[in-house]
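The values are calculated or read from the model by the stated rules, or taken from the named source; none is laboratory data. Since the structure is predicted, the reported quantities are computational estimates derived from the model, not experimental observations. Cβ coordinates were reconstructed from backbone atoms using ideal geometry, including for glycine residues, and neighbour counts include every protein chain displayed.
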Amino acid sequence: MKHRTPWLWGAALAVYAFLYLPLAVVVIFSFNDSQLNAQWVGFTTRWYAKLFADGEMLHAAANSLAIALTAASVATVLGTMAGIAMQRWPTGVLRALPGLVLTPVAMPEILLGVSLLLFFREVLDLTLGLVSILVAHITFSIGFVAIIVRARLAGMDESIFEAARDLGASPWQTFRCVTLPLIAPGILAGFLMSFTLSIDDFVITFFVAGVGVTTLPLQIYSMIKVAVSPEVNAVSTLLMALTLTLIFIASRLAPDALKVKP
Amino acid sequence: MTKRGLRGDLTRWLVSLPPTVFLLVFFLAPTLIMVTASFQNPGEFGGLAPLFAEGQARLTLETYRFFFGDWIYAEIFLRSFLVAGATTLICLIFAYPLALTIAASPKRHRDLLVLLVILPFASNFLIRVYAWIILLGPAGLLYTPIAVIAGMVYVHLPFMILPLYTNLEKHDPTLLEAAQDLGAGAWTRFWRVTWPLSLPGIWSGTALVFIPVLGMFAIPELLGGTGDILIGNLIKEQFLESRDWPLGSTLSLLLTLAVLALAALSAWAASPRRQRS
């Protein structure tokens, strides 16, 4: 590629600035000793103190954590199965599987949210709450895990599985002793991915949460709808730190699963 | 069938059935129910009226008549497409120089430069919108169409940068050298070589930006004024506020159809077979 001109570098730098400056402002004002997010007054950590004394916020955070752990665990198991099935048996009835697994990933989230709301209320007559949120989160996470696991499997030499079979291993033994150790980093990356998606999800949760249960994003939404508050900056900063840590771990575990494949 | 074949079949079903059944029940069934709901009557206290009453199916075209009978809905759909189009265009203008720069940098730096694009995008969606409330508030631009577009571009930009970079990175540098040897200037090299080759990347990026913008409700609600509502807001209103679920289902269904048409169009436009001809 030879398009190297100074103005191109300048434009690229400006776009990086565009990506980072707004978030930097959020972080900086979380340490600002003023109720308004407008002018730097002085350094403080009082917004973090206020945050950790906010019962509603802590409760929402606990909910989010419990939901994310459960949803990610179930979605990882189902998504891994789907990923294996898509890679191994791309024939017969299962030819339709990729469509079923990947469409929820590509749809605007609102469509999944309202159709699940309809289904829970009109068909299952379920009271909205933790269960409906869990099911919704599992539904949208399966596809992401499946993509990562399939990518991991696709890069593998088929002959090692044949070798295991020829040496007399049962399908289960082949899976446990050969396939599983090889795709383990992909499975873990899938788990972290669905954990992040679940703890971050706002749109779908918004429709299926009902009135009783709140999650961290729902709590943030109701706060920023009313007014700008440095407490939101503080919780945002902490959430960013958490996501960064998770991404760092995921990139260590499966460097190729997260890479944009050329 | 041999014992091994039977066992293989069993394995196949044991592995593929659980995720398949889960998605059939919680993704396909709800989608189909949305289709029926769009032909039902609204319930007296929200929700849906019973599908069967007095031994007869109660289906109606009322919501469709309603939708096509009032200009306001067409206007909101049109506005959503305009906002999605503007967002996509601005994303493309922002993404191109960046993707080009990353693709032109030394191989060992590329992964890091791509990671720098993904990182801000990994923070919570609401936080990224909130950042613009803080930024635009003092400037007096909050609750305007400009604020809506700014938020949309900010939230969706990586979806344009990544497919574009993935495409640009694959280009053969000798093509540009050949063009240069043949006397093409920088602009001609870009316009006649790089741009046409990057069209598949542009089309995938367009689909990844345009489609989610169409269904977005949170950004117009948090950054826009009362006149900036889009399809997403309309759908949300039917389900959570005015509680007209059949109309909400109809709107969702029309949005689904628009999305499917756009996805098919962009897949067709991005297909390598079409590029070669």
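Can you go through A:Val105, A:Val93 and tell me which one is closer than 13 Å to A:Ile142 by Cβ and surrounded by fewer than 24 Cβ atoms within 10 Å (Cβ to Cβ)? After applying the criteria, what remains is A:Val105.
Here's the yes/no breakdown for (1) closer than 27 Å to A:Gly113 by Cβ; (2) small (Gly, Ala, Ser):
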position	(1), (2)
A:Cys177	no, no
A:Leu180	no, no
A:Met193	yes, no
A:Asp200	yes, no
A:Ser229	yes, yes
A:Val235	yes, no
A:Ile249	no, no
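Does the stretch B:107-127 contain any residue that is polar (S, T, N, Q) and surrounded by fewer than 16 Cβ atoms within 10 Å (Cβ to Cβ)? There is no residue in the stretch B:107-127 that is polar (S, T, N, Q) and surrounded by fewer than 16 Cβ atoms within 10 Å (Cβ to Cβ).
Considered as a group, the residues in the stretch A:93-105 that are more than 7 Å from chain B (Cβ to nearest Cβ) and not charged (D, E, K, R) include one that is farthest from the chain's Cα centre (by Cα), and that residue is A:Val93. When each of A:Arg152, A:Arg165 is tested for being over 30 Å from B:Glu44 (Cβ atoms), within 12 Å of chain B (Cβ to nearest Cβ) and over 18 Å from the mean Cα position of the chain (by Cα), the lone residue that passes is A:Arg165.
Residues that are under 17 Å from the mean Cα position of the chain (by Cα), within 9 Å of chain B (Cβ to nearest Cβ) and either within 22 Å of B:Leu142 (Cα to Cα) or not aliphatic (A, V, I, L, M) (or both) within the stretch A:215-254 comprise A:Pro217, A:Ser236, A:Thr243, A:Ser251, listed in sequence order. When the residues of the stretch A:193-213 are filtered to those that are within 12 Å of B:Leu126 (Cα to Cα) and out of contact with any helix residue (DSSP H, G or I) (no Cβ under 6 Å at 6 or more places or on another chain), which remaining residue is surrounded by the fewest Cβ atoms within 10 Å (Cβ to Cβ)? If we take residues in the stretch A:193-213 being within 12 Å of B:Leu126 (Cα to Cα) and out of contact with any helix residue (DSSP H, G or I) (no Cβ under 6 Å at 6 or more places or on another chain), then A:Asp200 is surrounded by the fewest Cβ atoms within 10 Å (Cβ to Cβ). Restricting the stretch B:83-106 to residues that are more than 12 Å from A:Val15 (Cα to Cα) and at pLDDT 95 or above leaves a set whose member that is surrounded by the most Cβ atoms within 10 Å (Cβ to Cβ) is B:Thr87. If the condition is being more than 16 Å from A:Gly113 (Cβ to Cβ) and at the interface with chain A (Cβ under 9 Å from one of its Cβ atoms), then the stretch B:243-274 contributes only B:Ala263. Only one of A:Leu112, A:Leu116 is surrounded by 19 or more Cβ atoms within 10 Å (Cβ to Cβ), within 23 Å of the chain's Cα centre (by Cα) and within 7 Å of another protein chain (Cβ to nearest Cβ); which? Of A:Leu112, A:Leu116, the one residue that is surrounded by 19 or more Cβ atoms within 10 Å (Cβ to Cβ), within 23 Å of the chain's Cα centre (by Cα) and within 7 Å of another protein chain (Cβ to nearest Cβ) is A:Leu116.
Number of residues in the stretch A:43-75 that are surrounded by fewer than 13 Cβ atoms within 10 Å (Cβ to Cβ) and touching a Ser or Thr at 6+ places or on another chain (Cβ under 8 Å): the value is 1.
Among residues of the stretch B:220-240 that are within 9 Å of chain A (Cβ to nearest Cβ), those with a Cβ under 9 angstrom from a residue that is basic (Lys, Arg) and surrounded by 20 or more Cβ atoms within 10 Å (Cβ to Cβ), sequence gap 6+ or separate chain, pair up as B:Glu221/B:Lys236. Exactly one residue among B:Met216, B:Met160 is of a type outside the set (Ser, Thr, Tyr), assigned to a loop (DSSP other than H, G, I, E, B) and touching a residue at least 12 places away in the same chain (Cβ under 8 Å), and that residue is B:Met216.
The residue that is modelled with the lowest pLDDT, among those in the stretch B:12-40 that are buried (at least 20 other Cβ atoms within 10 Å of the Cβ) and more than 7 Å from chain A (Cβ to nearest Cβ), is B:Gln40.
Yes/no per residue for (1) closer than 17 Å to A:Ala61 by Cα; (2) surrounded by 14 or more Cβ atoms within 10 Å (Cβ to Cβ); (3) modelled with pLDDT of 90 or more:
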residue: A:Thr215; (1), (2), (3): yes, yes, yes
residue: A:Val226; (1), (2), (3): no, no, no
residue: A:Ile249; (1), (2), (3): no, no, no
residue: A:Arg252; (1), (2), (3): no, no, no
residue: A:Pro255; (1), (2), (3): no, no, no
residue: A:Leu258; (1), (2), (3): no, yes, no
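For the stretch A:201-213: of the residues being in contact with a Leu (Cβ under 7 Å, 6 or more places away or on another chain) and part of a loop (DSSP other than H, G, I, E, B), which is modelled with the lowest pLDDT? Only one residue fits best here, namely A:Gly210.
Just one of (1) touching a Pro at 6+ places or on another chain (Cβ under 9 Å); (2) within 14 Å of another protein chain (Cβ to nearest Cβ); (3) surrounded by fewer than 24 Cβ atoms within 10 Å (Cβ to Cβ) fails for A:Pro185. It is (2).
The residues listed here are A:Pro171, A:Pro90; of these, the one that is farther than 27 Å from A:Ala250 by Cα, at the interface with another protein chain (Cβ under 9 Å from one of its Cβ atoms) and at pLDDT below 90 is A:Pro171. Evaluate the following for B:Gly183: is it more than 15 Å from B:Leu78 (Cα to Cα) and away from chain A (no Cβ under 11 Å)? Yes; evaluated as a whole, the condition is true for this residue. Taking the criterion of being assigned to a loop (DSSP other than H, G, I, E, B) and free of Cβ contacts under 8 Å to residues at least 60 places away in the same chain, would at least one residue in the stretch A:125-137 satisfy it? Yes, some residue in the stretch A:125-137 is assigned to a loop (DSSP other than H, G, I, E, B) and free of Cβ contacts under 8 Å to residues at least 60 places away in the same chain. Take the stretch B:210-224 and flag every residue that is aromatic (Phe, Trp, Tyr) and closer than 15 Å to B:Ile90 by Cβ. Once the filter is applied, which keeps residues that are aromatic (Phe, Trp, Tyr) and closer than 15 Å to B:Ile90 by Cβ, the stretch B:210-224 yields only B:Phe210. Out of A:Ala82, A:Ala49, A:Ala61, A:Ala17, one residue alone is more than 9 Å from chain B (Cβ to nearest Cβ), assigned to a helix (DSSP H, G or I) and in contact (Cβ under 8 Å) with a residue 60 or more places away in the chain. It is A:Ala61.
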